[in-house]
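Notes for the one structure printed next.
Values quoted throughout were computed directly from the atomic coordinates according to the rules given, and no laboratory measurement underlies them. Predicted, not measured: the structure shown is a model, and the values here were computed from it. Note that we place each Cβ from the backbone using ideal geometry, even for glycine, and neighbour counts take in every protein chain shown.
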Amino acid sequence: MSETTHDGGVAVTASPSPDDGLSRSELAAKYGLTVSGARPGLFEYVRQLWGRRHFILAFSQAKLTAQYSQAKLGQLWQVATPLLNAAVYFFIFGLLLGARKGIPHEIYVPFLVTGVFVFTFTQSSVMAGVRAIAGNLGLVRALHFPRASLPISFALQQLQQLLFSMIVLVVIMVGFGIYPAFSWLLVVPALALQFVFNTGLALIFARMGSKTPDLAQLMPFVMRTWMYASGVMFSIPAMLADKKDVPSWIGDVLQWNPASIYMDLIRFALIDDYGSSYLPPHVWIFAVGWAVVIGAVGFVYFWKAEERYGRG
């Protein structure tokens, strides 16, 4: 457009922009712009995670290898640590406090070691999950990838560590006269369910720990309390059998807590004399329920904050 000025000159004015009057969201939609690091849809997020499956596996293996790289015994500490814990618990609870009540003496050591190994799997997954985002901010801020890859890879790392421990557990079983049987195959679905449950917990605490780093200092006390309430060192039904002043619902709560359920399943699969008197009814249903509920809730809860990780 042009117009004549008062001195006879011609002034040229800019024509209106076709973008005048458009809001920011309308401009972004017009030119195909998206928010950097925006949260994708849930199914798209799952697809992206599947595409990073090789990274998740490689990252978990690298973390497992590096965990004890500075120690002289190296990877032997993966097995030595829970074994030493089991030895301490045997001395304190088995010998001094008489926690073997209701459990045949010949199976108490396999009972105890199984409980320690299985609970350590959950404990380590939760503790690693708390630090998954807060402890890897450099990686989170430098690269674009689904942030759930980190807590999932840490849970996978703990599963691999447990599998090394299971080799030692088999040796202990045989040493106490418990030999491989078809029931040992039940360990596979039990560990698979526990892995899903642990991953859900790791995702939940990864989001919480990303904004509250002090949570990592509190969690050891929470996990220790959970361990003592889950029957790692003793049989819950046997310990509460003569406690007339303890309401029956307390025993039910202790037995139905997920850590106790997964320990019971694996003890039932591995130990011949650990039968129906110890295993609660419908335990498989509850094991599946805990895995599905915590796994799904943890995944969605973590995904909801995807675009906020590593910022601020």
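Need one word for segment 172-312: rounded, prolate or oblate. Basis is the Cα gyration tensor (sqrt eigenvalues a ≥ b ≥ c); a/c below 1.5 gives rounded, then a/b vs b/c decides. Cα axes put segment 172-312 in the prolate bin.
Need one word for segment 146-197: rounded, prolate or oblate. Basis is the Cα gyration tensor (sqrt eigenvalues a ≥ b ≥ c); a/c below 1.5 gives rounded, then a/b vs b/c decides.
Numbers: a/c = 5.24, a/b = 2.21, b/c = 2.37.
In terms of gyration-tensor shape, oblate.
Each peptide among 93-102, 156-165 gets the average number of other Cβ atoms lying within 10 Å of its residues, and from highest to lowest they stand as 156-165, 93-102.
So, in nm, how far is label Leu96 from label Val222 when the simple model puts each one 7 Å beyond its Cα toward the Cβ? For the pair Leu96/Val222, the computed spacing is 2.9 nm. Potential lengthening of the chain between Glu44 and Phe176 amounts to 42.5 nm, from the contour at 0.36 nm per residue minus the alpha-carbon distance. Amide H contacts for Ala99 (H built 1.01 Å from N in the peptide plane; partners 5 or more residues away or on another chain; cut-off under 5 Å): Gly94. Put simply, when 43-49, 300-306 are sorted by average Cβ atoms within 10 angstrom per residue, most first, you get 300-306, 43-49. Looking at segment 191-286, which chymotrypsin sites (Phe, Trp or Tyr not before Pro) are in a loop (DSSP not H, G, I, E or B) and have at most 14 other Cβ atoms within 10 Å? In loop regions of segment 191-286 (DSSP not H, G, I, E or B), there are no sparsely surrounded chymotrypsin sites (Phe, Trp or Tyr not before Pro). Residues of segment 119-140 with an amide N closer than 13 Å to a point placed 7 Å from the Cα of Thr212 along the Cα-to-Cβ direction: 130.
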